[in-house]
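What follows is a single structure, written as structure tokens, with notes after it.
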Amino acid sequence: MAKHMLDSIDKALLNIIQGGFPLKAEPYEELGRMAGVSGDEALFRVRRLVEAGVVRKVGPFFDARKMGSASTLCAVHVPLERIEHVASVVNSRPEVTHNYQRDGVPNLWFTVIAPSKEAIGEVVSDICERAGIRLVHNIPAARMFKVKVDLKVE
Amino acid sequence: MIHDPGDIALIRVLQDEGLFLTARPFHEAAQRLGWSVEEVLARSATLLERGVIRRFGAALTPRNAGFRHNAMVVWDVDDKKAEEAGSALSGHPRVSHCYIRPRFEGFPFNVYTMVHGSSREDLEAVIAELAERAGASRRKALHTLREFKKSSPVYFINYRAEPAGSTTA
């Protein structure tokens, strides 16, 4: 769904639910009230935004550390002719939640969430061995300021 | 750390991504758990207050919501000023993620931001605005070329609930 297909009600709903899905027994009624439509229409529109790929997920977002998990960002430089193969090995691990090719060096960046630092180490070793790569930079955050995709849709 | 079997049971139900696309998600969760809806709401609110749940809400796919140009912009900031830079950068509405990370060989950057723009020009303009806040000696924008994976972590996959798990709020 291209941006121009979002009407003003879709945009209002997007801007409301990014920051706060109502913690209420009838949340869509509340969302509808805020966006000026019925609860049924609010639900219909949110489902449509999910189907269109504009919304990736609705629900709770957990703090991995407070859940007792460890998380990190890894970076590795891979020759372009091998990047799809390496990326598929990286993706095969369920502990990997994000995996992006970027320009510059290193060019492959992925995040890992696992129960402990040791478990992350095992995931990274397994990826290195199966993908035939070396020198993965493991750079866990020393400090986290913000993790919130809350982009004003205009 | 989450140890309470009731919390774990609730988290396992809440992370079902289809749940929040039903008309009454917390009723649905209550039904699956055998709890009252009041108990589901109260415990969810407690997890939110404790910061275990950062928020209830929606995550956009930026490129499908009009933000087609995205970059990880990394900044080389004096270690003593990294905290200040992180606070300033994370206050910008087009920055979705901001962290301090260790520098590594060949990569002297310590402050990481994810930055979103509607066009290449818009993205560059946002980065220029950020540069004024960062106080960095140098920066680098690593543009997103391809998304190979983006998913949400799933917690307590292999957890087995005790037969008589407590649900006291």
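Please treat every number below as a calculation from the coordinates, not as lab data. Note that the structure is predicted; figures quoted are calculated from it, not measured. Positions of Cβ are backbone-derived with ideal geometry, glycine not excepted, and every protein chain shown enters the neighbour counts.
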What angle do you read, to the nearest 10 degrees and between 0 and 90, between the alpha-carbon axis of helix B:120-134 and the longest principal axis of chain B? 90 degrees
In nm, spacing of pseudo-spin labels at A:A142 and A:E154 (7 Å Cα→C-beta vector): 3.6 nm
Could you give the dipole magnitude of region B:67-156 about its Cα centre, charging the beta-carbon of Lys and Arg +1 and that of Asp and Glu -1, in debye to the nearest 20? 340 debye
Per 0.36 nm of contour for each residue apart, how much would the distance between B:E17 and B:F156 grow if the chain were fully extended, relative to their Cα-Cα spacing? 48.5 nm
Please sort B:28-34, A:58-64 by packing, taking for each peptide the average over its residues of neighbouring beta carbons within 10 angstrom, highest first. A:58-64, B:28-34
Residues with amide H under 5 Å of B:H92's amide H, sequence separation 5 or more or different chain, H placed in the peptide plane at 1.01 Å from N; which? none
How large is log10 I(q)/I(0) at q = 0.09, 0.11, 0.12, 0.13 Å⁻¹ when the Debye formula is applied to the Cα atoms of chain A, each weighted equally and without solvent? -0.43, -0.61, -0.70, -0.78
Could you give me the ³J(HN,Hα) list for region B:79-93, computed from phi with Karplus coefficients 6.51, -1.76, 1.60 and θ = phi - 60°, whole Hz, x at Gly and Pro? 3, 5, 10, 5, 4, 4, 5, x, 4, 5, 5, 5, x, 7, x
Partners for A:K24 among lysines (Cα-Cα distance below 21 Å; same-chain residues under 8 apart left out): A:K57
What residues of region A:1-43 lie in the reach of a label at B:E121, counting those whose backbone N is under 19 Å from a point 7 Å from the Cα along Cα→Cβ? A:3-4
Spelling out what I want: for every residue of region B:143-152, take phi, set θ = phi - 60°, compute 6.51 cos²θ - 1.76 cosθ + 1.60 (Karplus), and round to whole Hz; glycine and proline get x. 6, 6, 9, 8, 9, 8, 7, 8, 8, 9
Environment charge of A:K66, counting only residues whose C-beta is closer than 14 Å and scoring Lys/Arg +1, Asp/Glu -1: 0
In this structure, among A:K66/B:K140; B:K80/B:K150; A:K152/B:K150; A:K152/B:K80, pairs with alpha-carbon gaps over 27 Å are A:K66/B:K140; B:K80/B:K150; A:K152/B:K80
Candidate aspartates and glutamates for bridging to A:K117, where Cα separation is under 17 Å - those fewer than 8 sequence places away on the same chain excluded: A:D63, A:E95, A:D126
In region A:63-154, with Lys and Arg counted as +1 and Asp and Glu as -1 at Cβ, which of these residues, A:A131, A:P106, A:I83, has the Cα nearest the positive end of the dipole, that is, farthest along it? A:P106
Please compute, for peptide B:41-52, the average count of beta-carbon atoms on other protein chains lying within 10 Å of each residue's beta-carbon. 2
If you bin every alpha carbon distance in region A:70-138 into 10 Å steps from zero, what whole percent lands in each bin? 22, 61, 16, 1
Normalised by the number of residues in chain B, what is the relative contact order in percent for Cα pairs under 8 Å and 6+ residues apart? 27 percent
How do B:W75, A:W109 line up, fewest other C-beta atoms within 10 Å first? A:W109, B:W75
Relative to the first principal axis of the alpha-carbon coordinates of chain B, what is the inclination of helix B:5-14, with its axis defined by its Cα atoms, in degrees from 0 to 90 and to the nearest 10? 60 degrees
Using only atoms on other chains, find how many Cβ atoms lie within 10 Å of each Cβ of peptide A:23-30 and report the average. 5
At a 10 angstrom cut-off on C-beta neighbours, averaged per residue, how do the peptides A:129-136, B:47-54, A:90-97 rank from highest to lowest? A:90-97, B:47-54, A:129-136
Derived scalar couplings ³J(HN,Hα) [region A:29-38; Karplus, 6.51 cos²θ - 1.76 cosθ + 1.60; whole Hz; x for Gly, Pro]: 4, 5, 4, x, 4, 5, 9, x, 9, 6
Would you grab the residues whose amide H sits under 5 Å from the one on A:F145? Only those 5+ places off in sequence or on another chain, please, with H modelled 1.01 Å from N. B:C98, B:Y99, B:I100
Please average, across the residues of B:94-104, the number of beta carbons from any other chain that are within 10 Å of each residue's own beta carbon, and give a whole number. 6
Hey, rough spin-label estimate for B:A131 and A:E51, points 7 angstrom out along Cα→Cβ, what's it come to in nanometres? 4.5 nm
With labels modelled as points extended 7 Å from the Cα through the Cβ direction, what inter-label distance (nm, one decimal) is found for A:D126 paired with B:R50? 2.8 nm
Filter the GluC sites (Glu not before Pro) in region B:79-115 down to the DSSP loop ones having no more than 10 other Cβ atoms within 10 Å, then list what survives. B:E105
Net charge dipole size for region B:5-49 [Lys, Arg +1 and Asp, Glu -1 on Cβ; Debye, nearest 20]: 100 debye
On each of the three principal axes of the Cα atoms of region B:46-154, give max minus min coordinate, whole Å, ordered largest first. 40, 34, 26
